[in-house]
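Student: Structure in structure tokens, see below.
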Amino acid sequence: MITFDSVTKTYGAKRAVDGLSTEIGPGRVTGFLGPNGAGKSTTMRILLGLDRATSGAALIDGRPYHQLRCQLRTVGALLEARAGHPGQPARSHLLGMARSNGMGRRRVGEVLAAVGLSEVAGARIGTFSLGMRQRLGIATALLGDPPVLILDEPVNGLDPEGVTWIRTLMRSLAAEGRTVFVSSHLLSEMAATADHLVILSRGRLLADRPLTELLNVSRRAELRTPSPALLSRVLSEAGLSVDAVGDRLRVTGERIEEIGAIARENEIQLDELTFSGESLEDVYRRLTADSVEFRADAQGAQGAPVMAHHPHS
């Protein structure tokens, strides 16, 4: 369990994190989203003891990171793909960390296999591609078999096969009951991976809700039935909002995915049922519309040159 309790971080007059309070629970993948400059990296650094909060507390299993008895066995973290010295073989890097934390060679082999680096374990880290270094960083995070995983942009540098692999890995770790907290700018990946979303902007919490709930707020259904009055009443009693539009019913509400089941339970025939609504990208853009720090010049999108041509430069 990760707990942020009124965490604030200031740099002079600027508040990088502003009173953040939330809990990141076990058994699910929690996505951490926000525009550039939102305070995500600062929040993760505070959580891992790399920065100190101006006020408030960031806790892992009820303790600050520096008070954890065996950090590697409690928390696995990937903030940057810079694991190990460039001249050191991958296996040696992991083995050194394992031995310093009371683990043996067998565990090193297990994590190398888990991330797909067994065949290049003897190669020097400096020869690795970005994707390979990313896998090594994930192996380092997994080394202590920790119950809490903190991953910052874990798909960075991975090819399509690697993206599918890390998505499956994160979901399987959460299914084992671990706490998986992952920051990403790739909304399509978060839509496919996360169970819950925490969205930050200008250091402040904008949203802290399950993914399905966030999307269902704007999601709607249209349907046709030979019993519109009866179905309208039944759906309204289930907490859904129903409007008649011509020969159809338009339905909105958090239980929108249950329309078919509700109709079956009440033996009401559905002739047509279609869903529409916002994607995660739509929801994210709407929530953060007033807080994007860097915007491209609209003229550039209309054909203006991005760079001026200086023949003598």
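Values in this text are rule-based calculations from the coordinates and carry no lab data. Remember, it's a predicted structure, so these values are computed and weren't measured experimentally. Reconstructed Cβ throughout: ideal geometry from the backbone, glycine too, with neighbour counts over all protein chains shown.
Student: Select from the range 78-183 those GluC sites (Glu not before Pro) which occupy a DSSP coil region and have at most 15 other Cβ atoms within 10 Å, ordered by residue number.
Tutor: Details: sites: E80, E110, E119, E161, E176; in loops: E80, E176.
Here the GluC sites (Glu not before Pro) that fit, given the DSSP loop and packing criteria, are E80, E176.
Student: Here's another thing I want to ask about it. Return the FRET efficiency for the residue pair I262, D282: r is the Cβ-Cβ distance, R0 is 30 Å, and the value is rounded to the nearest 0.05.
Tutor: On the way: r = 26 Å, r/R0 = 0.88.
Efficiency for this residue pair is about 0.70.
Student: Next question. Please compute the net charge surrounding P210, taking Lys and Arg as +1 and Asp and Glu as -1 over other residues with Cβ under 12 Å from its Cβ. Don't jump to the answer; show the numbers that get you there.
Tutor: Details: positive: R28, R209; negative: D195, D208, E213, E254.
Around P210, the charge tally is -2.
Student: Quick one: helix 90-100 against the long Cα principal axis of the chain, what's the angle to the nearest 10°, folded into 0 to 90?
Tutor: Between helix and principal axis, roughly 80 degrees.
Student: Something else about it: Using the charge dipole of the chain (Lys, Arg: +1 at Cβ; Asp, Glu: -1 at Cβ; taken about the Cα centre), state which of T288, I150, G87 has its Cα farthest towards the positive end.
Tutor: Going by the Cα projections, it comes out as G87.
Student: Turning to a different aspect of this structure: By the scheme Lys and Arg +1, Asp and Glu -1, what is the net charge of all other residues having a beta-carbon under 13 Å from that of E254?
Tutor: Working: positive: R209, R219, R220, R255; negative: E213, E257, E258.
My count for the surroundings of E254 gives +1.
Student: Angle between the Cα long axis of helix 160-175 and the longest principal axis of the chain, 0 to 90 degrees, nearest 10?
Tutor: That works out to roughly 80 degrees.
Student: Also, I was wondering about something else. In debye, nearest 20, what is the charge dipole magnitude of the chain about its Cα centre with +1 on Lys and Arg Cβ and -1 on Asp and Glu Cβ, if you could check?
Tutor: Numbers: 36 positive and 35 negative charges, 324 e Å.
For this selection, approximately 1560 debye.
Student: For the range 137-145, take each phi angle, set θ = phi - 60°, evaluate the Karplus expression 6.51 cos²θ - 1.76 cosθ + 1.60, and give the result in whole Hz per residue in order, putting x for glycine and proline.
Tutor: x, 5, 4, 5, 5, 8, 4, x, 6
Student: Moving on. Around L206, which amide H atoms from residues at least 5 apart in sequence, or from another chain, sit under 5 Å from its own amide H, with H modelled in the peptide plane?
Tutor: Amide H neighbours of L206, under 5 Å, 5+ apart: I199, L200, S201.
Student: Taking H placed 1.01 Å from N in the peptide plane, check which residues at least 5 places from K9 or on another chain put their amide H under 5 Å from its amide H.
Tutor: Correct list: A16, V17, D18, G19, T54.
Student: Summing Lys, Arg as +1 and Asp, Glu as -1, what charge do residues with Cβ under 11 Å from the Cβ of H196 carry, H196 excluded?
Tutor: Numbers: positive: R28, R209; negative: E23, D195, D208, E213.
With Lys, Arg at +1 and Asp, Glu at -1, the neighbours total -2.
Student: Taking θ as phi - 60°, what are the ³J(HN,Hα) couplings along the range 40-56 by the Karplus curve (6.51, -1.76, 1.60), each to the nearest whole Hz, with x for Gly and Pro?
Tutor: Listing the rounded values in order: 5, 5, 4, 4, 5, 5, 4, 4, 9, x, 7, 10, 9, 5, 5, 7, x Hz.
Student: Would you mind classifying the range 37-93 by shape? Square roots of the alpha carbon gyration tensor eigenvalues, ordered a ≥ b ≥ c; an a/c under 1.5 is rounded, otherwise it is prolate if a/b is larger than b/c and oblate if not. Walk me through the numbers on the way to the answer.
Tutor: Working: a/c = 3.15, a/b = 1.56, b/c = 2.02.
It is oblate, given that a/c is not under 1.5 and a/b is not larger than b/c.
Student: Oh, and also: Which order do peptides 10-16, 73-79, 187-193, 27-33 fall in by mean Cβ count within 10 Å, highest first?
Tutor: 27-33, 73-79, 187-193, 10-16
Student: Pick from I166, I262, I150: which is most flexible by mean-square fluctuation in a GNM of the chain where alpha carbon atoms under 10 Å apart are linked?
Tutor: Ranking I166, I262, I150 by mean-square fluctuation puts I262 first.
Student: Largest first and in whole Å, what are the equivalent-ellipsoid semi-axes of the range 67-164 based on the Cα gyration tensor, each being the root of 5 times an eigenvalue?
Tutor: On the way: eigenvalues 78, 53, 27 Å².
Value: 20, 16, 12 Å, ordered largest first.
Student: Need one number: convex hull volume per residue for the chain, Cα atoms only, in Å³.
Tutor: On the way: hull volume 67.9 nm³, N = 313.
Taking only Cα atoms, the chain has a hull volume of 217 Å³ per residue.
Student: In whole Hz and in residue order, list the ³J(HN,Hα) couplings for the range 251-262 that follow from phi through the Karplus curve 6.51 cos²θ - 1.76 cosθ + 1.60, θ = phi - 60°; x for Gly and Pro.
Tutor: Rounded to whole hertz, the list is 10, 9, x, 5, 9, 4, 5, 9, 4, x, 5, 5.
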